[in-house]
Amino acid sequence: MISKRDKFDFKKSSLNLLKRRSVKFKTATIFALFLSTATLNIGFANDTDKEKFEKIFHVYVADSYMGAVADEAAVQQIIEQKEKEASVQFKGLNIDASSSVSLIPEQVFKVEADEQATLAKLQDSITVQAQAYSVQVDGKDVAYLKDENDFKAAINGLKLQYVTPTELNELEARPTTASLPPLKDDETRIVDLTLSSEVKGKQVEVAPAEILTVDEAIQVLQTGSVEKELYAIQSGDVLGSIASMHNLTTDQLLQLNPSITEDSVLQIGHQLNVTVEKPYVSVKAVYEKKQVETVDFTKVVKEDDTMLKGKSVVKQEGATGKKEVSYVISEENGVRTERVQTNENTLVDPEDRVVVIGTKVVPSVGTGTFAWPANGGRISSQMGTRWGRYHYGIDIARPSDYTIKASDNGIVKTAGRHATYGNYVVINHNNGYETLYAHLSKIGVSVGQVVEKGSSLGVMGSTGRSTGTHLHFEVHKNGSEVDPLAYLN
């Protein structure tokens, strides 16, 4: 019998691997084995010239010795059966069960092989391989596909995750030396598309179960994993806690699940994608974009010391302008990483919005002298007893217009409605005096407002207990009514 050490010598010089559907052996190997056997039996070679040698085959799976068989066809039958079973399970793949099996023939005087034990061991140890195409990223195998066509489809499919088919077709059909026409307004075009790492393919043999579909390979390149990790929402879960549980930020969790937002109501049992993506390859796209943009107008504020503080007037409304702007935009895996402006051309200049504001400060303390509170008019009723009751002020009627004016500087104490006075205003002059203006059809000031002598308080009317349009005017000194005619200037 040949020794294990001798067997490895034969493998180095003339090992014969089984190929699909056939096992072939070179004459040189048999002759070498015969010479080896003759050497081992040199002492009695001449005495056995007429004896017929038997042949056995030593069976190896890779470097593991299975045993010996007398019938090499039995080995071939097991190989074919393994290939047949795998072909049914893995349809469309080129299956090979013979690549790891080797047979070493030996001439012996007597066959003493336990063939059944050898074949049983072979049955358990033989492995099935399939021809495949590896996807190598920077020299590292990260996925296996059926063939080169699937490899190309996976790379193409990865790009299409982030650009449109039209963009990819335009880019691939564009000559590298071609000069591009000027962009039109509001036009965007892709100018470059690259992968972050070198991706190559290589013909290999692997276990059939390791071979992926095109979509699975794209998933691996994108995320570093074939399958997404899913989490079923439970009672009490919120987005922040789910994200923290899986080492994600809330923004990352929302990006992985575009169907939900921060305001979404989480449904118990609904599954969220919580896969922490570690892409093998990123797709980098560069675009050129030209667009017409509005140019905001500038708000200009001018001060006017003749206008009361707190008052403002829009002198010029303002108008937006227009400009053409060109950009180079970079994206990585569909996320914008950079936008650089390359050109700008003004089409319409903006017009400033001009607002004039008053800076004149009106003292809240009265002067102590009181101006006529209307534009002209006459006294229709004086202070004193009238119609069986006391009249605490004067009535002014028939003015040139119905504007009611503050009799002195002060602060509006009351501005509202009264059963007798109707719409009325009370001004506190902060010097012991207050004035009251009643029966207004419209009030033009509010409580707390500082008013200047002669400024408008509202419009004369006939609200409350009144028999016609007029102003009822009172002057109070230190809380008591006094005759207005004694104080009006």
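What follows is calculated from the coordinates using simple rules that are stated; it is not laboratory data. Keep in mind it's a predicted model, so treat the numbers as computed, not measured. Glycine also receives a Cβ, built like all others from the backbone with ideal geometry; neighbour counts cover every protein chain displayed.
Per-structure values
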| read-out | value |
| --- | --- |
| Ranked SER102, SER244, criterion: other C-beta atoms within 10 Å, fewest first | SER244, SER102 |
| FRET E, pair GLU148, ASP349, Förster distance 56 Å, beta-carbon r, rounded to 0.05 | 0.40 |
| Sites ARG189 and LYS299, calculated FRET efficiency, Cβ-Cβ separation with R0 51 Å, nearest 0.05 | 0.85 |
| Whole-Hz couplings from phi, Karplus 6.51/-1.76/1.60, listed for segment 277-284; x for Gly and Pro | 7, 10, x, 6, 9, 10, 9, 10 |
| Note, ³J(HN,Hα) from phi for segment 232-245, Karplus 6.51, -1.76, 1.60, rounded to Hz, x at Gly and Pro | 8, 5, 10, 4, x, 6, 10, 4, x, 6, 5, 4, 4, 4 |
| Percent of C-alpha pairs per 20 Å bin, the chain, short to long | 15, 21, 18, 18, 12, 8, 7, 2, 0 |
| Extreme residue, positive dipole direction of the chain, given options VAL450, SER259, ASN409 (C-beta unit charges) | ASN409 |
| Nearest 10 degrees, 0 to 90: helix 214-223 Cα axis against the chain principal axis | 60 degrees |
| Size of electric dipole in the chain: Cβ of Lys, Arg +1 and of Asp, Glu -1, about Cα centre, debye, nearest 20 | 2000 debye |
| Fewest-first ranking of ASP141, ASP408, using other Cβ atoms within 10 Å as the exposure measure | ASP141, ASP408 |
| Mean Cβ count within 10 Å, highest first, over the residues of peptides 389-401, 211-223, 170-182 | 211-223, 389-401, 170-182 |
| Gain in span if fully extended, VAL340 to VAL276, counting 0.36 nm per residue against the direct Cα distance | 20.0 nm |
| Exposure proxy order (Cβ contacts within 10 Å, fewest to most) of MET245, MET307 | MET245, MET307 |
| Where labels lie 7 Å past Cα in the beta-carbon direction, separation of LYS442 and THR213 in nm | 7.5 nm |
| Theoretical FRET efficiency, 1/(1+(r/R0)^6), r = Cβ-Cβ of THR127 and ASP71, R0 22 Å, to 0.05 | 0.50 |
| Mean-position separation - Cα centroids, segment 164-225 and segment 440-489, in angstrom | 82 Å |
| Greater than 20 Å apart at Cα, pairs in LYS202/LYS228; LYS140/LYS278; LYS453/LYS477; LYS309/LYS453; LYS200/LYS284; LYS302/LYS413 | LYS202/LYS228; LYS302/LYS413 |
| The chain, helix-only ellipticity at 222 nm - DSSP H runs n ≥ 4, -39,500 (n - 2.57), divided by all residues, nearest 500 | -6000 deg cm²/dmol |
| Cα centroid separation - segment 55-110 against segment 333-408, whole Å | 106 Å |
